[in-house]
Amino acid sequence: AAPPGGLCLRLQVLGRCLAAVAAAHAWLTGRAGRYLAAWALPQFLLLTQGDLQVLKAEAEQLMLQVSGTFPEPGDIPGDSPSDPPPSPGSPWELQLCRQIHDVANSIQLFSGDVLWMFSTSCKRLSAEIFDQTMPLGRHWRLGPRAELPSSPSAYAAAAVQAVLGQVLQGAQALPHDAQVPTLARVTTAFLEAWMDHILTRRIKFR
């Protein structure tokens, strides 16, 4: 049997809420993946540190509203001091509510993972640059009268510009509180790639 009119309207509203939050999740993850694959850092950082944070907050608010309007049977308080508690949702409503919760939680998880995903890509790129450009062997063996270098090695300057320089440029459009964690994670990944390369190639500085 078809649901009654009032229930049908509520199901339509919940269905549209689910469609909206699912579209936001698909848009965020799809765009982030494409921007990162193309190394379009300004767009990637604005999306993940700007749009993603706004949409995550909206998804959290939607979850609270859905939970309050369509509570699970076990979530309804026994006594209410003033207003009567809301009635439990129908099976159809509760199913849509759970789907909304699942997608909203996926947005939250993506928000927590996106900096790790970004730093992993930066570490991979840094490792490729070091593998292609960092000198080996005799380059690092100083003669008895050799003076200490007064400027960075060419490979290091090129690697910093290719990775950290581009990230710094892309992060300039972000608020200051969003720049700090981004730059910290990327700098750590860059230095880890450098150390891993030195250990793997057994480079000795002497």
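Hey, can you tell me all the residues within region 90-120 that are over 20 Å from Trp27 (Cβ atoms) and touching a residue at least 40 places away in the same chain (Cβ under 8 Å)? Write out each step before concluding.
Step one: filter region 90-120 for residues over 20 Å from Trp27 (Cβ atoms), giving 90-98, 116, 119-120.
Hits for region 90-120 are Ser90, Trp92, Glu93, Leu96, Cys97, Trp116, Ser119, Thr120.
Within region 174-206, track down each residue that is surrounded by 14 or more Cβ atoms within 10 Å (Cβ to Cβ) and assigned to a loop (DSSP other than H, G, I, E, B).
Of everything in region 174-206, those that are surrounded by 14 or more Cβ atoms within 10 Å (Cβ to Cβ) and assigned to a loop (DSSP other than H, G, I, E, B) turn out to be Leu174, Ile203.
List every residue pair whose Cβ atoms lie under 9 Å apart, where the two residues are 6 or more positions apart in sequence or sit on different chains, the first residue falls within region 165-192 and is in contact (Cβ under 8 Å) with a residue 12 or more places away in the chain, and the second residue, located anywhere, is surrounded by fewer than 17 Cβ atoms within 10 Å (Cβ to Cβ) and among the aromatic types (Phe, Trp, Tyr).
Pairs that qualify, where the first residue is in contact (Cβ under 8 Å) with a residue 12 or more places away in the chain and the partner is surrounded by fewer than 17 Cβ atoms within 10 Å (Cβ to Cβ) and among the aromatic types (Phe, Trp, Tyr), are Gln166/Trp39; Arg185/Trp116.
For the list (1) modelled with pLDDT of 95 or more; (2) out of contact with any Phe, Trp or Tyr (no Cβ under 9 Å at 6 or more places or on another chain); (3) among the aromatic types (Phe, Trp, Tyr), I need the number of the one condition that Trp39 fails.
Every listed condition holds for Trp39 apart from (1).
Report whether or not Ile76 is among the β-branched types (Val, Ile, Thr) and modelled with pLDDT under 90.
yes
Please go through (1) of a type in the set (Gly, Ala, Ser); (2) in contact with a helix residue (DSSP H, G or I) (Cβ under 9 Å, 6 or more places away or on another chain); (3) modelled with pLDDT under 95; (4) part of a helix (DSSP H, G or I) for Gly68 and return the number of the only condition it doesn't satisfy.
(2)
The values are calculated or read from the model by the stated rules, or taken from the named source; none is laboratory data. Since the model is a prediction, treat every value here as computed from it, not as a measurement. All Cβ positions, glycine included, derive from the backbone under ideal geometry; neighbour counts span all protein chains shown.
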